[in-house]
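Reviewing the structure listed below.
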Amino acid sequence: GAGVSQSPSNKVTEKGKDVELRCDPISGHTALYWYRQSLGQGLEFLIYFQGNSAPDKSGLPSDRFSAERTGGSVSTLTIQRTQQEDSAVYLCASSLAGGYSYEQYFGPGTRLTVT
Amino acid sequence: GNSVTQMEGPVTLSEEAFLTINCTYTATGYPSLFWYVQYPGEGLQLLLKATKADDKGSNKGFEATYRKETTSFHLEKGSVQVSDSAVYFCALKDGRDNQFYFGTGTSLTVIP
């Protein structure tokens, strides 16, 4: 079956531009997570969706970052007025919710480079 | 609160050496525990998991046992291969809020 997909796989943008990153979770997965991974670093949690609502937005680094999820499926992460420190790989993961044993399945990531 | 602490890397081993990567956790409830692996240039994938105390997860020769008394989930492999070179992440899932908590990752390099 299809896994988690993300698009674009690579994005180069100029400082100050807005970018949109897309995540298609595994069908039927109600939980969706966004993380950021800078070069050689661990995972930085950004936001978590349960259905279309986001119970935990605590990881969003600034008000330039926002995310939405529609129809309990596709999610977009938007970064406004990008800065060079936003350069990183943005990872999306999905999971069956409602059970503590369900693992996350990760997408391949979007590599964002801000010049 | 919930948190995961992993041993600092990087770790370099010779082929066929024994591997241990330490992971300890703090949890307010009864979490599930996971090890994820990220091979060079690839995405994260689940390596193994354990959902309750004393469970042992295993895959590809790797093992980890959920130890509630020591709040640990150490990853072990008896004989590593060059192809095991990767970054390993320990994680817990709090079933009450479906949130995942990751360690900082441990980079492993296996040399022939």
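FYI, it's all coordinate maths here, none of it is from the lab. What you see is a predicted model; the values in this text were computed from it and never measured. Positions of Cβ are backbone-derived with ideal geometry, glycine not excepted, and every protein chain shown enters the neighbour counts.
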Specify the residue with the greatest mean-square fluctuation among A:G40, A:G59, A:G51, computed from a Gaussian network of chain A linking alpha-carbon atoms under 10 Å apart. A:G40
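Holding the Cα-Cα limit at 20 Å, pick out from A:K57/B:K52; A:K15/A:K57; B:K56/B:K93; B:K52/B:K93; B:K60/B:K93; A:K11/A:K57 the pairs that are longer than that.
Violating the 20 Å Cα-Cα cut-off are A:K57/B:K52; A:K15/A:K57; B:K60/B:K93; A:K11/A:K57.
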Report the GluC sites (Glu not before Pro) located in the stretch A:1-77 that are in a DSSP loop and have at most 13 other Cβ atoms inside 10 Å of their Cβ, or state none. A:E14
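Can you tell me the FRET efficiency between B:S3 and A:T76 if r is taken as the Cβ-Cβ distance and R0 is 35 Å, rounded to the nearest 0.05?
Values: r = 29 Å, r/R0 = 0.84.
According to the calculation, E is roughly 0.75.
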Within chain A, which is the longest segment containing none of the trypsin sites (Lys or Arg not before Pro) that sit in a DSSP loop and have at most 15 other Cβ atoms within 10 Å? A:18-56
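Shielding of B:36-44 by partners, i.e. mean partner chain Cβ atoms within 10 Å per residue? Walk me through the intermediate numbers first.
Numbers: counts 5, 0, 4, 0, 0, 1, 3, 12, 11.
The mean count of partner-chain Cβ atoms within 10 Å per residue comes to 4.
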In nm, the gap between the two label points placed 7 Å beyond Cα toward Cβ at A:Q84 and B:T109 is 2.7 nm
Hull volume in cubic angstrom per residue (convex hull over the Cα atoms of chain A): 100 Å³
Give me Rg/Rg_expected for chain B, where Rg uses Cα atoms only and Rg_expected = 2.2 N^0.38 Å with N residues. 1.02
Simple label model, 7 Å out from Cα along Cβ direction - A:E68 to A:A2, nm: 2.1 nm
Share antiparallel - DSSP beta bridges, chain B, percent rounded to 5: 90 percent
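How big is the Kirkwood radius of the protein assembly as shown, worked out from every pair of different alpha carbons and given in Å to one decimal? Spell out each step's value before the answer.
Working: mean 1/r = 0.0553 Å⁻¹.
In the protein assembly as shown this quantity evaluates to 18.1 Å.
Within the stretch B:63-93, list the GluC sites (Glu not before Pro) lying in a DSSP loop whose Cβ has at most 11 other Cβ atoms in a 10 Å radius.
Numbers: sites: B:E63, B:E69, B:E76; in loops: B:E69.
Here the GluC sites (Glu not before Pro) that fit, given the DSSP loop and packing criteria, are B:E69.
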Over all alpha-carbon pairs of the stretch B:15-75, lay out the pair-distance distribution in 10 Å bins, whole %, shortest bin first. 21, 51, 24, 4
Note to self: C-alpha centroids of the stretch B:10-38 and the stretch A:13-73 sit apart, in Å, by 26 Å
